[in-house]
Each structure stands twice: as structure tokens, then as C-alpha cells.
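Just dropping this structure here.
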Amino acid sequence: MHFLGHVVRFIVSAVVLLVVGWLVPQFSIGGFGSALLLALVIALLGWAVEGIFGKRVSPFGRGIVGFLVSALVIWLAQFIVSGVTVSIIGALLAALVIGIIDLFIPVSTPFNAAKEKSSR
């Protein structure tokens, strides 16, 4: 994925996070800048979890473990990004809503992007 693709992906992720912040109680984002930084932090934390534990445990994995890791990553990200407030219930609901949105607007994961790049 080229640089412009990454930029578009983070902008779309930030907009999704703003929508989730609007829909989900106990999940608030200060503004677009906080949402953009939150998208970056979530991507980096997800990449780290995937690197340490493998794809099956990553936030991008499917199933209950991936869902719970997604909620944990969202909850932990609030301590890194100012302007973001998330409760544990809010993180669980946000992970659920993001998972539902991802069904309609799929974004390639860092794992898939690296896999596609190595196959070329």
C-alpha cells in the first residue's frame, strides 16, 4: 500500500471512530485530531499485539478473542490519546460497532498489507 493509501485509511478510520463516538455511550472523542491520533494508536497497538501473539489473537482476528482484544486496545488507547474517554462497557460497545462497520467498509489490516506486498 502506498503512502496515499495509508493516509486515506487513517482518515476513514478517524471518521469511523467519530461515528462510533457519536453512537456509543461512554465513548467520547474530542475532535477529528483526537480521532486521527486514536486511529494511529489503535493501529500501532494492534500491530504490536499481532506481532507478539500472532494473527489469531490480533484485534483484526475474528471471533471472541479478536473482539475482546479489540476492546482492550480501544480501552488502553485512551491513556495515550488526550481528549478520548472510554469506559470498559464503552470499549466493548465500540469494538462491536467497529466490527459491524468493518463488515460494510473493510479496511485491510497491516498483516494482510504485508502479505500482499510480499507476494508481489
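Give me the pairs, please: first residue somewhere in region 62-89 and at positive phi and in contact (Cβ under 8 Å) with a residue 12 or more places away in the chain, second residue anywhere and open to solvent by 40 Å² or more (accessible area, probe 1.4 Å) and assigned to a loop (DSSP other than H, G, I, E, B), beta-carbon distance under 7 Å, and either six or more positions apart or on two chains.
The qualifying pairs are 83/30.
Something else now. Tally up the residues in region 64-80 that are open to solvent by 70 Å² or more (accessible area, probe 1.4 Å) and of a type in the set (Gly, Ala, Ser), please.
Residues that pass the stated criteria total 0.
Go through region 16-44 and give me each residue that's in a loop (DSSP other than H, G, I, E, B) and of a type in the set (Val, Ile, Thr).
24
From the list 4, 37, 23, 45, which one is among the aliphatic types (A, V, I, L, M) and in contact with a strand residue (DSSP E or B) (Cβ under 9 Å, 6 or more places away or on another chain)?
Checking each option against the conditions leaves just 37.
Ok, one more. Quick check on region 47-54. Is at least one of its residues of a type in the set (Gly, Ala, Ser), modelled with pLDDT under 90 and not in a helix (DSSP H, G or I)?
Within region 47-54, one or more residues are of a type in the set (Gly, Ala, Ser), modelled with pLDDT under 90 and not in a helix (DSSP H, G or I).
If you don't mind, there's one more thing I want to ask. Restricting the search to region 20-48, which residues are closer than 20 Å to residue 8 by Cα and touching a Gly at 6+ places or on another chain (Cβ under 6 Å)?
Passing the criteria: 29, 34.
If you don't mind, there's one more thing I want to ask. Specify the residue that is nearest to the chain's Cα centre (by Cα); the eligible residues are those in region 1-37 that are exposed (fewer than 13 other Cβ atoms within 10 Å of the Cβ) and touching a residue at least 60 places away in the same chain (Cβ under 8 Å).
23
The values are calculated or read from the model by the stated rules, or taken from the named source; none is laboratory data. None of these values were measured; they are calculated from a predicted model. Glycine also receives a Cβ, built like all others from the backbone with ideal geometry; neighbour counts cover every protein chain displayed. Note: areas computed on protein heavy atoms with side chains; ligands, DNA, RNA excluded. Shrake-Rupley method; radii C 1.70, N 1.55, O 1.52, S 1.80 Å.
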